[in-house]
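Before any comments, here is the structure.
The values are calculated or read from the model by the stated rules, or taken from the named source; none is laboratory data. Being a predicted model, the structure only gives us computed values, none of them experimental. Methodologically, a virtual Cβ is constructed for each residue, glycine included, from the backbone with ideal geometry; neighbour enumeration extends over all protein chains shown. Just the protein is used for accessible areas: all its heavy atoms, side chains included, with ligands, DNA and RNA removed. Shrake-Rupley method; radii C 1.70, N 1.55, O 1.52, S 1.80 Å.
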Amino acid sequence: MHWLESQLAELNRLADAYVLARRQSSADIINISETTRLKRSQFIDAVQALVNNVGKIKGISACAAYHDGLILAQSDKAPNMEAFGALVQDSIRTAQQGAEELDLGAIEQIVIVGTSNKVAMLSVGPLILSISSPKHINLALALSQGA
C-alpha cells in the first residue's frame, strides 16, 4: 500500500467511526454526545492534515477537500479556491450524470488535463479530494511517495 492509499484508509476508518457515533447518538438530537463531537473533530483534523501533506508534495500546486461543493480543507498554497471549487462541483455533477447514463457505477476519480496544468478529483467517502499540478507531473508517482 503506498502513502496516499494508507492515508485514505485511515480517513475512511475515521469517517466510519464518526458515522457510527452519530447513529448511536441520533436518538438525542438536541444533546449530541461528546463522543460524536470528538469523532467529527478527529475526522476533520485528519482531512486537513491529509490536504496539508498532499500540498507539500513536490510538484503539487494545490490540494483541497470538498463536501457538496463546500470547502472543508485547503492547502496553504491553494490560490483561487472559488474557481477550483466551481470546477470540482461542475465536473462531479457532470460525471455523475454521465456515469448513470453509461452504467459506470460510482465515480472514483476524474482527471482534467489542460495544456499547462491538470486537476485530479478523487472520491473519498463523502468527500472529493482535489489535487492540482503542472501537466508534466506524474501524480500517481508523486502521491505514492508522500510528503
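What lysines could a cross-link reach from Lys58, if we take a straight Cα to Cα line under 17 Å and drop same-chain neighbours fewer than 8 places away? Output for Lys58: Lys77, Lys118, Lys135.
Charges were assigned to the Cβ only: +1 to each Lys and Arg, -1 to each Asp and Glu. The resulting dipole of the chain about its Cα centre is roughly 460 debye. In the chain, the portion of solvent-accessible area held by carbon and sulfur atoms comes to 52 percent [1.4 Å probe, whole percent, DNA, RNA and ligands not counted]. Pairs of Cα atoms nearer than 8 Å and 6+ residues apart set the relative contact order; for the chain it is 25 percent. Once you put a point 7 Å from the Cα of Glu5 and another 7 Å from the Cα of Ala95, both along the Cβ direction, what distance in nm separates them? According to this spin-label approximation, the distance is 2.0 nm. Only Lys, Arg, Asp and Glu carry charge here, each on its Cβ (+1 for the first two, -1 for the last two); on that basis segment 70-121 has a dipole of about 260 debye about its Cα centre.
Extension gain for Asp103 to Asn12 (0.36 nm times residue separation, less C-alpha to C-alpha distance): 30.2 nm. Placing pseudo-labels 7 Å out from each Cα toward the beta carbon at Leu87 and Ile112 gives an inter-label distance of 0.6 nm.
Projecting the Cα atoms of Leu50, Gly105, Phe84 onto the dipole axis of segment 1-115, where Lys and Arg carry +1 and Asp and Glu carry -1 at the beta carbon, places Leu50 farthest toward the positive end. Each label point was placed 7 Å from the Cα along the Cα-to-Cβ direction; for His136 and Asn52 their separation is 3.1 nm.
Karplus-based coupling profile of segment 66-75, in residue order and whole Hz: 10, 9, 6, x, 9, 6, 8, 7, 8, 6, with θ = phi - 60° in 6.51 cos²θ - 1.76 cosθ + 1.60 and x standing for Gly or Pro. DSSP beta bridges confined to the chain are antiparallel in about 100 percent of cases. Relative contact order of segment 35-120, taken over Cα pairs closer than 8 Å and 6 or more residues apart, is 17 percent.
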